[in-house]
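Only one structure is covered here, and it is reproduced in the block below.
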Amino acid sequence: MLDMLIQGGRVVTPAGVGDWDVGVVGEKIVSVAFPGVLPAAATQVIDARGKIVVPGGIETHAHAVANVQPGARTLVAGVPNAGPLEHSLGAIWGGTTTVIDFAPVPHAGDLAQGIHDYLAPWRGQAYTDYSTHCIYSNRTPPDAIARYHELVEAGFPSVKIFTTDIRPPEGRQTSLTPIAKIDTGRLEDLMRQVARHGGVLAVHGEDDELVM
């Protein structure tokens with residue numbers, strides 16, 4: 001039995017657009033079919049006639065918790081930084097159902113728990129699903145790189161690294177997010193770990209000379 005049946009909408013999929021019905025079990029879309037094909041019995045039936053039905057979007061680069069530091073609520077030019085509640089509310093209104101933030105990898109102890117602790121402001125304060133990219137830097141000890149697989153096993157396979165930690169002079173006074181460059185040796189070790197465990201590496205690639 002379906003948990004949700006969405007009927008009569010104009011459905012958008014990677015394969016095309018059509019007047020189809022959508023079946024959902026739990027939080028997963030299990031079927032997209034011509035009208036009348038799916039069983040009519042469902043826990044919840046949504047009449048989507050006259051509406052467009054699209055999969056939830058994924059925001060892959062968000063600064064919600066990552067920028068919530070002392071002073072961050074009055075950010076550059078007096079524009080306040082949105083925390084998880086405001087950020088996710090705006091996202092869900094735009095059809096985005098998952099937001100991915102950033103969190104530094106702990107230097108020791110339980111790496112996954114450290115990431116969960118950093119994301120604590122999201123808990124109970126989100127209209128969307130959420131996750132994070134895990135930041136490795138020059139300050140990350142080799143042991144935490146060798147233990148990258150623990151993050152993958154905990155559901156955090158995505159890594160963010162910076163190839164510069166220099167900011168243009170005009171940006172240094174207003175920036176609230178410290179950049180932590182990773183050196184070549186650590187980066188090589190990390191890339192080997194990411195490849196070995198099927199992770200994802202996001203590179204903020206800039207040269208110090210170009211930034212200046």
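Values in this text are rule-based calculations from the coordinates and carry no lab data. Since we're looking at a predicted model, the values are computed, not measured. Please note: Cβ atoms are built from the backbone with ideal geometry, for glycine as well, and neighbour counts cover all protein chains shown.
Points worth noting:
- Amide H within-cut-off set for His133, under 5 Å, with H built and near neighbours excluded: Asp101, Phe102, Ala103
- Trypsin sites (Lys or Arg not before Pro) restricted to DSSP loop in the range 24-65 with at most 15 other C-beta within 10 Å: Arg49, Lys51
- Across the range 2-53, Cα pairs under 8 Å and at least six residues apart give a relative contact order of 48 percent.
- In summary, the range 5-63 shows an alpha-carbon radius of gyration equal to 1.21 times the 2.2 N^0.38 Å reference for compact globular proteins.
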